[in-house]
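The structure under discussion appears below in the form of structure tokens.
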Amino acid sequence: MTTIQGPAVFLAQFIGDTAPFNSLDGICKWAADLGFKGIQMPTLDSRFIDLQKAAESTTYADELKGKIASYGLEITELSTHLQGQLVAVHPAYDDFFDAFAPKNVHGNPKARQEWAVQQMMFAAKASQNLGLTEHATFSGSLLWQYFHPWPQRPAGLVEEGFAELAKRWTPILNEFDHNGVDVCYEIHPGEDLFDGETYEMFLKAVNNHKRACLLYDPSHFVLQQLDYIQYIDFYHERIKAFHVKDAEFNPTGKQGTFGGYQNWANRAGRYRSPGDGQIDFKTIFSKLAQYDFKGWAVMEWECCIKNQEDGAREGAEFIKNHIIKVTDKAFDDFAAVATDQAFNRKNLGL
């Protein structure tokens, strides 16, 4: 077993236009002062990382690592959640998702997808140059708007959707494989990979590609009432990244898992700061340690109630208190019996 690394923090929800969140130096000092040991880095803001440059220049990558290390931090994973989303977009969402891409590809889905794929290729090489072995992303979606089977879905629609998704992702997975990096899909609403069943359909479509791995975030499973503990039992061999994000589900006589088009504060299922929701993180950390998870516990702050800076401060301590330093001995070693094959055979009556 391995002691989980951490605490770390996903920077996406903290980057902004005011200090200390508007520069790499500022946000690194802030994170280190809170007790974080690692940062998961989004890759669309050049104030923090030039993804193409990190892919093309080992000198730049080394300098970036060095600057981060000067604050006692390391990069846990790069994140291309927004770029990964754009690998597969149904036309119904074109206008919404244009905001994730440069203006020069707005209104041009083909050019936007090509840009997204190139971003993923840069991320594979940049991860290698930075000495990383895991990468966090989304799968994108061609099918999400059909998740409820009304009207009745045409036969073969879902299979065709996953075949196309696999066609788009296989070259990307191959590039990550070439660079020795696992692609960790965050299983998430709005993606074609939103639960275990859909992940397995995708995995089959990409021929069980060894780099098609998972980012485990239990909060998304609370909101759809999926057994997030048993999920670890099913998929622990593929779980290579971990978001510590809390959630709660409080159904009423008026709404349940679909949320009734309410805002986040008024939804039956809502995300909370670590420790403020209903997730059994004690069991999660135990399970991941049991299954020899070698990655980082990364806090992702998404809460409709608590201030983000309070959430970060409390989250660092929350993760620190949940990480289990795994044992290097059996608890009953004191009663061990000296043995050899002859002794064992004798005690088997042989």
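The values are calculated or read from the model by the stated rules, or taken from the named source; none is laboratory data. Quantities reported herein were computed from a predicted structural model and do not represent experimental measurements. Here Cβ is always computed from backbone atoms with ideal geometry, including for glycine, and neighbour counts include all displayed protein chains. These accessible areas exclude ligands, DNA and RNA; they are computed on the full protein's heavy atoms, side chains included. Shrake-Rupley method; radii C 1.70, N 1.55, O 1.52, S 1.80 Å.
Looking at region 225-239, I want the residues that are without any contact (Cβ under 8 Å) to a residue 40 or more places away in the chain and closer than 22 Å to Gly269 by Cβ and have a partner that is among the charged types (D, E, K, R) and open to solvent by less than 40 Å² (accessible area, probe 1.4 Å) with Cβ atoms under 7 Å, at least 6 apart or on another chain. Which pairs are those? These pairs meet every condition: Leu226/Asp195.
Taking Lys245, is it modelled with pLDDT of 95 or more, touching a Gly at 6+ places or on another chain (Cβ under 9 Å) and not aromatic (Phe, Trp, Tyr)? Taking the combined requirement at face value, the residue satisfies it. Take the conditions (1) open to solvent by less than 60 Å² (accessible area, probe 1.4 Å); (2) in a loop (DSSP other than H, G, I, E, B); Ala31 misses just one of them, which is (2). With respect to Gly107, is the statement that it is in a loop (DSSP other than H, G, I, E, B) and more than 20 Å from the chain's Cα centre (by Cα) true? Judged against the criteria, Gly107 is a match.
The strands (runs of 3 or more DSSP E) found entirely in region 167-277 that carry 3 or more residues being open to solvent by 10 Å² or more (accessible area, probe 1.4 Å) are 269-272.
This table checks each residue for (1) modelled with pLDDT of 95 or more; (2) of a type outside the set (D, E, K, R); (3) closer than 15 Å to Val298 by Cβ.
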| position | (1), (2), (3) |
| --- | --- |
| Ala19 | yes, yes, no |
| Gly26 | yes, yes, no |
| Phe48 | yes, yes, no |
| Lys53 | yes, no, no |
| Leu64 | yes, yes, no |
| Lys67 | yes, no, no |
| Thr76 | yes, yes, yes |
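Write out, first by first residue and then by second, each pair whose Cβ atoms fall under 8 Å of each other, whose residues are 6+ apart or on separate chains, and whose first residue, in region 49-69, is open to solvent by 30 Å² or more (accessible area, probe 1.4 Å) while the second is part of a loop (DSSP other than H, G, I, E, B) and of a type in the set (Gly, Ala, Ser). What qualifies is Lys65/Gly131.
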